[in-house]
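Colleague: Sharing a structure here in structure tokens format.
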Amino acid sequence: MFKRNRHGIQIKTAEQLEKMRAAGLVVGRTLDLLKRSVEPGMTPLDLDMIAEKAIRDEGAIPSFKGYQGFPATICASVNEEVVHGIPTNARKLREGDIISIDCGAILEGWHGDSAVTVPIGEVDPKLTELMRITEESMWRGIGALTIGRHLSDIGYEVERYVRSQGRYGIPQEYGGHGIGTEMHMDPWIANHGKPGRGPALEEGMCLAIEPMVNLGTDRTRVLADDWTVVTVDGKQSAHFEHSVAVTHNGPWVLTALDGGKERLTQLGF
């Protein structure tokens, strides 16, 4: 039913890519709403409730909720939390915090997955820079999604940009992934490494590119809830992600409202 290449990576038809785009737009619009909604005094659970309503109102299903037992619609990771934070009412967001919001949706059996890191009010300039570097590294990785390049080129471009900006930690255990009829599919995509390795990129591949960058060490640990990943030194972390299709015209950013046109034009596409 679904084509896979010799490496087991799902290859989408043009029609299937359009369905992926529809799911991606649900996620993109939901994250846009959350970015506009977040403010001091809110809790991560407040954002989760907004996200679930937005996704279901579009006829889609939150893909995170119930996934391997995860209890919420979004992952909400505050400050030193790297990824997979469970949204609760236990803490209120304060001026100067940053929050990474990871969101996924299923529409007609196809998945979209994207993440942003958002400042709460005015934040320390070093956190603004951390977010900028992380987001830009994501776009550098996305720029590698052209036919004929190799899987490891993505992580190479991510790491090369981050290292050019100073001393930051790139968690080694976490990275991007294939996406399509499942949220997490082959291949796994490191945010580091050497270029020219792994499968060649083909038209119809869909990959979620998601760098996480820490203000301090790259070392992390998982909290007692078995989900929330935090930095071992307690310093802040940022996380950005887009689901992207490889096409003959270059990368198509399925979860970006403009398809990635503005940023990809800046990168020369």
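The values are calculated or read from the model by the stated rules, or taken from the named source; none is laboratory data. Since we're looking at a predicted model, the values are computed, not measured. Note that we place each Cβ from the backbone using ideal geometry, even for glycine, and neighbour counts take in every protein chain shown.
Colleague: If you take the residues in the range 68-80 that are part of a loop (DSSP other than H, G, I, E, B) and in contact (Cβ under 8 Å) with a residue 24 or more places away in the chain, which one is farthest from M42 (Cα to Cα)?
Modeller: So the residue we want is F70.
Colleague: A follow-up question, please. Filter the range 96-112 down to the residues that are more than 15 Å from A54 (Cα to Cα) and part of a strand (DSSP E or B) and list them by number.
Modeller: Within the range 96-112, I98, I99, S100, W110, H111 meet the criteria.
Colleague: Out of (1) out of contact with any Ser or Thr (no Cβ under 7 Å at 6 or more places or on another chain); (2) assigned to a strand (DSSP E or B); (3) of a type in the set (V, I, T), what's the single condition that is false for V213?
Modeller: Unmet condition: (1).
Colleague: What's the number of the only condition in (1) farther than 23 Å from M205 by Cα; (2) not in a loop (DSSP other than H, G, I, E, B) that K65 fails to meet?
Modeller: That leaves (2) as the condition not met.
Colleague: Looking at the range 247-269, I want the residues that are at positive phi and have a partner that is of a type in the set (S, T, Y) with Cβ atoms under 8 Å, at least 6 apart or on another chain. Which pairs are those?
Modeller: G250/T146
Colleague: What number of residues within the range 153-186 satisfy the criterion of being in a strand (DSSP E or B) and surrounded by fewer than 18 Cβ atoms within 10 Å (Cβ to Cβ)?
Modeller: 1
Colleague: Which of the residues belonging to the range 81-95 are part of a loop (DSSP other than H, G, I, E, B) and crowded, with 19+ Cβ neighbours inside 10 Å?
Modeller: Residues satisfying the conditions are H84, G85, I86, P87, L93.
Colleague: Answer with yes or no whether K53 is more than 17 Å from T228 (Cα to Cα) and among the basic types (K, R).
Modeller: Numbers: more than 17 Å from T228 (Cα to Cα): yes; among the basic types (K, R): yes.
Yes; evaluated as a whole, the condition is true for this residue.
Colleague: When G193 is evaluated against the numbered criteria (1) farther than 24 Å from K19 by Cβ; (2) modelled with pLDDT of 95 or more; (3) in contact with a strand residue (DSSP E or B) (Cβ under 9 Å, 6 or more places away or on another chain), which criterion, by number, is the only one it fails?
Modeller: It fails just one condition, (3).
Colleague: Return the pair list, or none, for Cβ contacts closer than 9 Å from residues in the range 21-35 that are free of Cβ contacts under 8 Å to residues at least 24 places away in the same chain to residues that are small (G, A, S), at least 6 apart or on different chains.
Modeller: From residues that are free of Cβ contacts under 8 Å to residues at least 24 places away in the same chain, the pairs are L33/A51; L33/A54.
Colleague: Mind checking whether some residue in the range 54-74 is closer than 17 Å to E210 by Cα and of a type outside the set (S, T, N, Q)?
Modeller: Yes: the range 54-74 contains one or more residues that are closer than 17 Å to E210 by Cα and of a type outside the set (S, T, N, Q).
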